[in-house]
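The values are calculated or read from the model by the stated rules, or taken from the named source; none is laboratory data. Predicted, not measured: the structure shown is a model, and the values here were computed from it. Here the Cβ positions follow ideal geometry from the backbone for every residue, glycine too, while neighbour counts run over all protein chains shown. Just so you know, the surface numbers come from the protein's heavy atoms only, side chains and all, with ligands and any DNA or RNA stripped out. Shrake-Rupley method; radii C 1.70, N 1.55, O 1.52, S 1.80 Å.
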Amino acid sequence: MTVAEGVCAESTGAMALGAPAASAMAVGAAAQALRLKRGEFAIAVHLGLIRLMVPHDGGRPRVGCEEVERIRSQDGFPEVLRERVRTVGTAEGARQLGISPDRFTKLARAGCLTPITFYLNRYRAIVWLYLADELTGFAARESQLLTGRSPGWLRDRLEGGADCRANNWRSRRVERLLSLTEDPWARVAVLADTLDPVQLAEVVDDPYERAYLARLRPEPAFGPTGPVWARETMAHLMRADEPDELLWRRVNLIMELDNAREVRSAPRPGGDRRAFASPASERAPAPDFRADADADAGAGPVPALAPASPPAVPPSPCPETGPVQAPPGSAEPAIGLLARIGLRRRTDRDADRRQSPRGRVPFGGRRGKCP
């Protein structure tokens, strides 16, 4: 039994319309009306071919009847639509490009091919899927990579152990979701989904904001399905794991978070200042990154990611040092960008603030260190 991946059909960025029930239908019924499988429907939503809408009072996303009729009235329906969302695995993609599966995998690992989705096979190994249309365009643009000896830059990248498939998939997903919404906090939620709970708590240190982001986290349109282990493994795959990617995600999250705070504050319970508790360990098991296998023809139900509980703020690296008391009536100084992305420890900054007099910090001043 295979477990298909369904995170391409998130409702983030869907039209927030209070349409009456008679003018909209559930996504399952819409998929049947458009003659699409669940995975094909999810990809069509991800590519912007089908527009979802969410009621003002919340709830599952739906598809307007006018949207269904618009798609059904297009020329070549449903063959043209199904061809645009058709995916292939490694073996079928290699046949389409006229190369060996091993060369296809090397091109994908080097970042030349970007997956559109994935699923977990019976061995819990990740199977990447690619758009057939994009492979055709790649063959026309980069025909020199399909024959002869691979260029030096590609060999060096592979010899260094590079595997850009997960990174490229995450980047594609994040860019698409960001293009679908203008709500500042929804954009923050998209970027927050790429960090694990510990790193997210380092950037977003307010537990109420983290709880708000958990509510706004993109979810599959078909709802939570599939076993828990599959959802946990896929949640792990969605998080950045390379140092450069982690730095880039944290910097972008900080900029989007600052913008969202200027627009409006995250909702807070009235008078309740307690932090949200979280289990001691929230890390999901790492997925099996063995060699990619060919796609099964019949993918199973599409799982959804269950929103994780917001983690508690990690303890200070200097537990014996108490918090710095600001002078009465003075505003708390802002935390620098380097400290917020983790390149400079906040305790060092606090020590500088304690040792330096008010006003300008003298050049060459000695930085305080943790005892």
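Return yes or no: is Leu158 over 18 Å from the mean Cα position of the chain (by Cα) and farther than 24 Å from Gly39 by Cα? Break it down into steps so the answer makes sense when it comes.
On the way: over 18 Å from the mean Cα position of the chain (by Cα): yes; farther than 24 Å from Gly39 by Cα: yes.
Yes, satisfied.
Here's the yes/no breakdown for (1) loosely packed, with under 13 Cβ neighbours inside 10 Å; (2) more than 23 Å from the chain's Cα centre (by Cα):
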| residue | (1), (2) |
| --- | --- |
| Arg72 | no, yes |
| Asp75 | yes, yes |
| Asp102 | yes, yes |
| Cys112 | no, no |
| Tyr123 | yes, yes |
| Gly137 | yes, yes |
| Arg141 | yes, yes |
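Scan the range 226-239 and give yes if some residue there is surrounded by 15 or more Cβ atoms within 10 Å (Cβ to Cβ), in contact with a strand residue (DSSP E or B) (Cβ under 7 Å, 6 or more places away or on another chain) and among the polar types (S, T, N, Q), otherwise no.
Yes, some residue in the range 226-239 is surrounded by 15 or more Cβ atoms within 10 Å (Cβ to Cβ), in contact with a strand residue (DSSP E or B) (Cβ under 7 Å, 6 or more places away or on another chain) and among the polar types (S, T, N, Q).
Considering each residue of the range 59-70, count those that are open to solvent by less than 60 Å² (accessible area, probe 1.4 Å), without any contact (Cβ under 8 Å) to a residue 40 or more places away in the chain and either part of a helix (DSSP H, G or I) or polar (S, T, N, Q) (or both), and give that number.
Looking only at that region, the number is 1.
Criterion first (touching a residue at least 60 places away in the same chain (Cβ under 8 Å), buried (at least 17 other Cβ atoms within 10 Å of the Cβ) and hydrophobic (A, V, I, L, M, F, W, C)) does Leu191 satisfy it?
yes
What are the residue pairs meeting all of these: first residue in the range 100-116, first residue touching a residue at least 60 places away in the same chain (Cβ under 8 Å), second residue among the charged types (D, E, K, R) and buried (at least 19 other Cβ atoms within 10 Å of the Cβ), Cβ atoms under 6 Å, and 6 or more apart or on different chains?
Hits for this filter: Thr105/Asp292; Ala108/Arg165.
Does the range 247-266 contain any residue that is out of contact with any Ser or Thr (no Cβ under 7 Å at 6 or more places or on another chain), modelled with pLDDT under 80, hydroxyl-bearing (Ser, Thr, Tyr) and open to solvent by 60 Å² or more (accessible area, probe 1.4 Å)?
Checked the range 247-266: no residue is out of contact with any Ser or Thr (no Cβ under 7 Å at 6 or more places or on another chain), modelled with pLDDT under 80, hydroxyl-bearing (Ser, Thr, Tyr) and open to solvent by 60 Å² or more (accessible area, probe 1.4 Å).
Count, please, the residues in the range 77-94 that happen to be among the acidic types (Asp, Glu) and open to solvent by less than 90 Å² (accessible area, probe 1.4 Å). Before you say what the answer is, go through the steps one by one.
Step one: list which residues in the range 77-94 are among the acidic types (Asp, Glu), which gives 79, 83, 92.
Within this subset, residues satisfying the condition of being open to solvent by less than 90 Å² (accessible area, probe 1.4 Å) are 83, 92.
Number of matching residues: 2.
Taking helices (runs of 4 or more DSSP H) that fall entirely within the range 73-164, which contain at least 1 residues that are charged (D, E, K, R) and closer than 29 Å to Pro227 by Cα?
Passing ranges, in order: 79-84, 90-97, 101-109.
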